[in-house]
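Notes to accompany the following structure.
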Amino acid sequence: MIKTIKQVEIQVNDEGYLTDFSQWTKEIGAEIAKEHDIEMTDQHWEVISWIQERVAANDPLSVRGIKKSGVIDIKQFYELFPGGPLKVSTKIAGVPKPKSCI
Amino acid sequence: MYKLVYMKNLVILGAGTAGTMMANHLVSKLSKKEWNIHIVDQYKTHYYQPGFLFLPFDIYTEDQVKKVGEKFIPKGVHYIQQKIEKIDAENNLVSLENGPLAYDLLIIATGSKIAPAEVDGMLSDEWHKSVFDFYTYEGALALRNKLRDFKGGKLVVHITEMPIKCPVAPLEFAFLADSYFHKKGIRDKVDITYVTPLSGAFTKEFCSKSLGYLLEEKNIKLVTDFAIEQVDFENNKIIDYAETEVPYDLLVTVPTNMGDEVIERSGLGDDLNFVPTHPNTLQSLDHENIFVIGDATNVPASKAGSVAHFQAETLTDNILLYINNKPLKEEFDGHANCFIETGNNKALLIDFNYVQEPVTGNFPFAIIGPLKLLKESIFNHWGKLAFRWIYWNVLLKGIPIPFVSRNMSTAGKNINN
């Protein structure tokens, strides 16, 4: 599926997750955040960078892992990305939705 | 010239479902002149864990879910009933409570267990009084006694976080509770709520869509995306990070599931003490002479006895290949096969793997079944009950189940639905 954000065409799946991380930019991330009523701050971006690093290193993501991130605690994670923080933050970060459903 | 022949040691850690099956598979396949097989477990009793679902509802008795573990260890395998202190993977050594045991090849089958202390307030004075698990023998029994006297109120069935052993068990618990209270004639006095950290009741998305009707039909309320922060045991409610509160009179929770502490002590696990394992060969990612099976792995398959059974067949072949210095088979596909009790003597059957979601169809034979996939039937329920016999008499002994292969078959499945 192709989605156009700020005149840039990006590939997404049917849930709106980027399928090609090379198409990701901070601007695109910020636009996806807006769709979830999130105005990005430095702290948001710090979390997004952490998520992208974890994914690049092939480390699985979990809410539990946030505790050890050294970036924020779980409570803040929920405040920054309300309504399913892992689902929302990964979408903004341009990485696949974590597979915890097994 | 004399040729010195040293006996080699294959050590299996854990004599649960997976470890016991491996002992039975390997005893007839490894040369007795070259290999000693040892299996280590600190506990005497082997529990039939699927039975813990039925114990609280007086469907099974205590005797039906436990036997002496040693009975299932074959002759020719050295059974060591001792605590495992540490695995020293750099030196190929396992420290047991009475001394070290050297290995040439190690199989980790130490399973997973509940860790209620991971959530604030879960493990309080109310544990096994108003807050219960049913993933332990003690928890299931305490819950049975509680349910016998339960007169009504709010029953909350809750999952803390994924992954958990037998992911459908809490849902089955809710369904069976509905039947149980109906039979007791007090269903109208019991309010059942199912609370999950996932976005739907079923752990597989397709199931959530096609089986959502079951919850409605049974009048079970659903709370999704609930990430628990604490159990407020003084005020009888669970609270999540988004400050949603769910009140209870009786909380039946599935606590965080974690691998054994020995994995943490040995520095071999991830955040949840599961051992990083190749998903298709079952070899440890860090040590080539260590293999991992069953709930102890971090592979993205269900933590279930059927999975361990299918893994055991692949792992047996791979251990023989490894011993003969041949490349391992990347064969295991995440195959799982689970009955789901839906109450009123009916059950569903699902059959899936790493990539194929559960679908409808017939099992194990394409046209005749006789079991129906993803559809409630009485025959499936008999299948589930018959499984207890199969477990003790077929599965643990490493005997393949007729017509059910280690890799998932697409025959009889309606793949495009």
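Quick notes
- Tally of residues being touching a Ser or Thr at 6+ places or on another chain (Cβ under 7 Å) and open to solvent by 20 Å² or more (accessible area, probe 1.4 Å) across segment B:250-270: 2
- The set of residues in segment B:94-125 being under 23 Å from the mean Cα position of the chain (by Cα) and assigned to a strand (DSSP E or B) consists of B:Leu106, B:Ile107, B:Ile108, B:Ser112, B:Lys113, B:Ile114.
- Total residues in segment B:48-93, condition within 13 Å of B:Leu141 (Cα to Cα), open to solvent by 60 Å² or more (accessible area, probe 1.4 Å) and outside any helix (DSSP H, G or I): 4
- Of all residues in segment B:28-42, those that are assigned to a loop (DSSP other than H, G, I, E, B) and under 18 Å from B:Ser95 (Cβ atoms) total 2.
- Matching residues, segment B:162-181, being of a type outside the set (Val, Ile, Thr), within 15 Å of the chain's Cα centre (by Cα) and either more than 30 Å from B:Ala18 (Cα to Cα) or part of a loop (DSSP other than H, G, I, E, B) (or both): B:Met162, B:Pro163, B:Cys166, B:Pro167
- Test: residue in segment A:29-37 that is in a loop (DSSP other than H, G, I, E, B) and either away from chain B (no Cβ under 11 Å) or closer than 23 Å to B:Phe274 by Cα (or both): yes
- Among the residues of segment B:13-38, the one identified as farther than 22 Å from B:Ile390 by Cβ and among the β-branched types (Val, Ile, Thr) is B:Ile37.
- Here A:Ile38, A:Ile102 are screened, and the one residue that is modelled with pLDDT of 95 or more and open to solvent by less than 50 Å² (accessible area, probe 1.4 Å) is A:Ile38.
- When the residues of segment B:145-189 are filtered to those that are small (Gly, Ala, Ser) and touching a residue at least 24 places away in the same chain (Cβ under 8 Å), the one that is farthest from the other protein chains (Cβ to nearest Cβ) is B:Gly152.
- Checking B:Asn393, B:Asn337 one by one, the residue that is closer than 22 Å to B:Phe72 by Cβ and part of a strand (DSSP E or B) is B:Asn337 and no other.
- Among (1) assigned to a loop (DSSP other than H, G, I, E, B); (2) open to solvent by 40 Å² or more (accessible area, probe 1.4 Å), the one test that A:Ser69 misses: (2)
- For the criterion of being touching a residue at least 60 places away in the same chain (Cβ under 8 Å) and open to solvent by 50 Å² or more (accessible area, probe 1.4 Å), B:Glu331 fails.
- Unique match (being more than 14 Å from chain B (Cβ to nearest Cβ) and assigned to a loop (DSSP other than H, G, I, E, B)) among A:Val47, A:Val95: A:Val95
The rows are residues; the columns are (1) modelled with pLDDT of 95 or more; (2) open to solvent by 40 Å² or more (accessible area, probe 1.4 Å); (3) more than 27 Å from B:Phe352 (Cβ to Cβ).
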site	(1), (2), (3)
B:Ile114	yes, no, no
B:Met122	yes, no, yes
B:Lys129	yes, yes, yes
B:Tyr137	yes, no, yes
B:Ala142	yes, no, yes
B:Asp149	yes, yes, yes
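The values are calculated or read from the model by the stated rules, or taken from the named source; none is laboratory data. Being a predicted model, the structure only gives us computed values, none of them experimental. Because the Cβ atoms are built from the backbone with ideal geometry, glycine has one as well, and the counts that use them run over all protein chains shown. With ligands, DNA and RNA removed, areas are computed over all heavy atoms of the protein, side chains included. Shrake-Rupley method; radii C 1.70, N 1.55, O 1.52, S 1.80 Å.
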